[in-house]
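Encoded as structure tokens, the structure appears first; notes follow it.
The values are calculated or read from the model by the stated rules, or taken from the named source; none is laboratory data. Nothing here was measured: the structure is a model prediction, and the numbers come from that model. Note: ideal-geometry Cβ built from the backbone for every residue, glycine included; neighbour counts use all protein chains shown.
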Amino acid sequence: MTGRVPEGDRSSKASAVSARTVSAAAVAREAGVSTATVSYVMNGQGGVSEHTRRRVLTLAREMGYRPRSGPRIPDARRNNVVGLVVPNMTNPMFPRWAQGVVDRAAEIGHEVFLASTSDDADVMTSTVQAMIARKVDGLILASIPREEVAALQLLRAARVPYVQLSRRSDFVAADFVGIEDAAAAEAMMHHVIGHGRHRVATVIGPRFSSASAARERGYLATAEALGIRVPPEWRLSTRLNNAGGRLAAQELLAGGSPPDAILCGSDEVAIGVIEYLLKQGLKVPEDVVVTGFDGLPHSRSALVSLTTVVQPQIGMAKAAFDVLQARIDDPAAPYQSLVMPHELWIGRTCGCPPESQSHPDTPTPDLVRQNETTPNHTTQQEPE
């Protein structure tokens, strides 16, 4: 029901205006959390501590914030369309990100334009130009090379907001959603060396990916700290697919005595490595331990049972959409980095006994957040 605010009731009038104009970003600033956390609280999602939840709800009530429910009211300045740019659609990781973004967008009546760059810098630039021409409200970029500048400058010039997912540019500050890749790699290397493996090789994705580079740093620094030297010829970079894993394994076995452990930068690479090892008559994990990274559902199935790092693929994608919407709502807000939880998933391929292995139905960060804590947020400088 609507009605006129009495002329003399200034507080009621102020309250009515506040209810219309207070943004999620304003509540987030007051509460000292990210806009994504405000979204989690107002939508009744898990992953937020009770203390934080109460604080956000109290401030939202006091400030007169009212979340939008259902499809958003059309804004003449917006098209209710966002873009998602991924490296490829062959690695199952990236379609899962797409599904998360599409699901979240559908909740508020948005559409998603999806594009793949094949990790080609020229394709990245032309894709960004096409997205700008299509007048998307913002972009989620999951294929940004570390040294990328040109495509990001195009977006800045066109005033199109964007969020970096998993990969980030070394030179351009922006909103980011990902995990602590180096820390996850460190934990995996500790686990493998704990099995008494000392002839260790690493096979990561392309080094122009900040995520791949961080995983390699984590692996190598931890091995060195534990007194294990990984020779340069056993530090390989390859494409993020099964074929890339097979080629890397072929190179590792060509030098004579093979490594006794191969730590990979993705599940798809790890499965390719295992395929080649088995073809050569080697046993996994008896002869060679193999681990992955990503925690894809088929990798954790009883058939494969790959020891891997699980990152919350769907959760990361949805969080990236929330961060993008916050950026669209408040272009001047400080940049934020949203660090999502990860965990080790223990399968057969590391040599752990069955009683120590994770069950295929074990909940992962996609279903429950580690310790039910809020994702870690950091803020960076104000946008230019």
When (1) in a loop (DSSP other than H, G, I, E, B); (2) modelled with pLDDT under 80 are applied to residue 378, the one that fails is (1)
Just one listed residue, out of 185, 157, 211, 173, is without any contact (Cβ under 8 Å) to a residue 12 or more places away in the chain and of a type in the set (A, V, I, L, M, F, W, C), and it is 157
Taking segment 153-184 and keeping only residues that are among the aromatic types (Phe, Trp, Tyr) and either at pLDDT 95 or above or not assigned by TED's automatic domain parsing to the domain that holds residue 128 (or both), one is left with 162, 176
Selection over segment 184-222 where residues are β-branched (Val, Ile, Thr) and farther than 17 Å from residue 268 by Cα yields a count of 4
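For every residue, the table says whether it meets (1) modelled with pLDDT of 85 or more; (2) assigned to a loop (DSSP other than H, G, I, E, B); (3) assigned by TED's automatic domain parsing to the domain that holds residue 127; (4) polar (S, T, N, Q).
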{"site": "5", "(1), (2), (3), (4)": "no, yes, no, no"}
{"site": "40", "(1), (2), (3), (4)": "no, no, no, no"}
{"site": "46", "(1), (2), (3), (4)": "no, yes, no, no"}
{"site": "69", "(1), (2), (3), (4)": "no, yes, no, yes"}
{"site": "73", "(1), (2), (3), (4)": "no, yes, no, no"}
{"site": "89", "(1), (2), (3), (4)": "yes, yes, yes, no"}
{"site": "95", "(1), (2), (3), (4)": "yes, no, yes, no"}
{"site": "102", "(1), (2), (3), (4)": "yes, no, yes, no"}
Checked 337, 358 against criteria (crowded, with 17+ Cβ neighbours inside 10 Å and modelled with pLDDT of 80 or more); the one match is 337
Checked segment 73-101 for anything free of Cβ contacts under 8 Å to residues at least 60 places away in the same chain, among the β-branched types (Val, Ile, Thr) and under 20 Å from residue 294 (Cα atoms); matches are 85, 86
